[in-house]
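Structure first, then comments.
The values are calculated or read from the model by the stated rules, or taken from the named source; none is laboratory data. Note that this is a predicted model, so its numbers are computed, not measured. Here the Cβ is made from the backbone with ideal geometry for all residues, glycine too, and neighbour counts use every protein chain on show. What goes into the accessible areas is simple: the full protein's heavy atoms, side chains included, and nothing from ligands, DNA or RNA. Shrake-Rupley method; radii C 1.70, N 1.55, O 1.52, S 1.80 Å.
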Amino acid sequence: SAVISQKPSRDICQRGTSLTIQCQVDSQVTMMFWYRQQPGQSLTLIATANQGSEATYESGFVIDKFPISRPNLTFSTLTVSNMSPEDSSIYLCSVSRGPQETQYFGPGTRLLVL
Amino acid sequence: QQQVKQSPQSLIVQKGGISIINCAYENTAFDYFPWYQQFPGKGPALLIAIRPDVSEKKEGRFTISFNKSAKQFSLHIMDSQPGDSATYFCAASWGNYGQNFVFGPGTRLSVLP
């Protein structure tokens, strides 16, 4: 498995501002992912965070709105930019260590945009 | 088809009973089928997983049954306990590096004491 921490655990933000969420893993991992989970809903992949290169975004998600960094094999950030109430959600970081490995999830960041 | 269908949406079981959650998929390229358990306010946690070369996998009270020809798999929770009350997500994926996960919509399980 993997020990994953996320900061902040929750936040309340004003419309139009930006929030950066951090994801830290206890050891090096091959793949890091960012998901969004609306209340009572399933998980939707936002992007794959690639170490040393630009993130790979899923349909419906763009870099200008959700810029992602991955400076090394244990850390990644997701920024939610120019927030609106529709961005209120749980944002989850997940990791995979390598071939034939599953995904392990962090505790999530609960975001409320007013 | 990248969808994974999951049923029921919610499930209420008496303590000691058997909880059964079913999932179905279309994409025959899927080769890994995990189940995640999520408690309120927590991230999803891997519960049990199976690959299509076996038809059943058991870990404690949790069993996955896999039917490759029907493209279906299910989670059985034996002797269900109130502590099992959570949301369960099935998923399916392909590829070697943990990517390409597709999640089902989830089942909210309530186990009554």
Here is the link list: B:Lys5/B:Lys68; A:Lys7/B:Lys42; A:Lys7/A:Lys65; A:Lys65/B:Lys5. Which ones come out longer than 23 Å on Cα distance?
A:Lys65/B:Lys5
Amide H contacts of A:Gln100 (H built 1.01 Å from N, under 5 Å, at least 5 apart or other chain)
B:Tyr97, B:Gly98
Quick one: how many Å² of A:Val80 are accessible to a 1.4 Å probe, rounded to 10?
0
For chain B: accessible area per residue (Å², 1.4 Å)
49
Heavy-atom accessible area order for B:Phe66, B:Phe39, largest first, 1.4 Å probe:
B:Phe39, B:Phe66
Compute, for the protein assembly as shown, the length of the dipole vector about the Cα centre, with Cβ point charges of +1 (Lys, Arg) and -1 (Asp, Glu) only. Units Debye, rounded to 20.
340
Relative packing of peptides A:52-63, B:14-25 - highest average C-beta neighbours within 10 Å first
B:14-25, A:52-63
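Do you know the relative contact order of chain B, to the nearest whole percent, from alpha carbon pairs under 8 angstrom that are 6+ apart? Provide the component values of the computation, followed by the final result.
Values: 285 pairs, mean separation 41.6, N = 113.
RCO, chain B: 37 percent.
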If packing is taken as the average number of other Cβ atoms within 10 Å across a peptide's residues, how do A:34-43, A:16-25 rank, most packed first?
A:34-43, A:16-25
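Give me the Kirkwood hydrodynamic radius of the stretch B:4-95, using the inverse of the mean 1/r over all pairs of distinct Cα atoms, in Å to one decimal.
13.5
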Estimate for me the total accessible surface buried between chains A and B (protein heavy atoms, probe 1.4 Å, no ligands or nucleic acids), in Å² to the nearest 100.
1600
With no solvent and one equal point scatterer placed on each C-alpha of the stretch A:1-42, evaluate the Debye formula and give log10 I(q)/I(0) for q = 0.13, 0.16, 0.33 Å⁻¹, two decimals.
-0.41, -0.60, -1.23
How crowded by other chains is B:36-45, given as the mean number of beta carbons from other chains within 10 Å of each beta carbon?
5
Please report the antiparallel percentage of the DSSP beta bridges confined to chain A, to the nearest 5.
90
Distance from a point 7 Å along Cα→Cβ of B:Leu112 to each backbone N in the stretch B:54-84: keep the residues under 20 Å and list them by number.
B:77-84
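With a Förster radius of 22 Å, plug the Cβ-Cβ distance of A:Arg10 and A:Ser59 into 1/(1 + (r/R0)^6) and report the FRET value to the nearest 0.05.
0.20
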Principal axis dimensions, largest first and in whole angstrom, of chain A by Cα
40, 26, 22
Mean per-residue count of partner chain Cβ within 10 Å for A:87-98 equals 2
Among B:Trp35, B:Trp94, what's the order by accessible area (1.4 angstrom probe), most exposed first?
B:Trp94, B:Trp35
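Whenever you get a sec, line up A:Arg15, B:Arg51 from highest to lowest accessible area (probe 1.4 Å, protein heavy atoms).
Largest to smallest exposure gives the sequence A:Arg15, B:Arg51.
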Work out the mean other chain Cβ neighbour count within 10 Å for the residues of A:100-108 and drop it here as an integer.
6
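Can you pull the percent of the protein assembly as shown's accessible area that's carbon plus sulfur, 1.4 Å probe, other chains left in place?
Answer for the protein assembly as shown: carbon and sulfur cover 49 percent of the accessible area.
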Rotationally averaged projected area of the protein assembly as shown (alpha carbon convex hull; nm²):
12.3
With the dipole of the stretch A:4-113 worked out from charges on the C-beta (+1 for Lys and Arg, -1 for Asp and Glu) around the Cα centre, which of A:Gln100, A:Ile63, A:Met83 lies farthest toward the positive end?
A:Met83
How much accessible surface does A:Leu73 have with a 1.4 Å probe, in Å² rounded to 10?
60
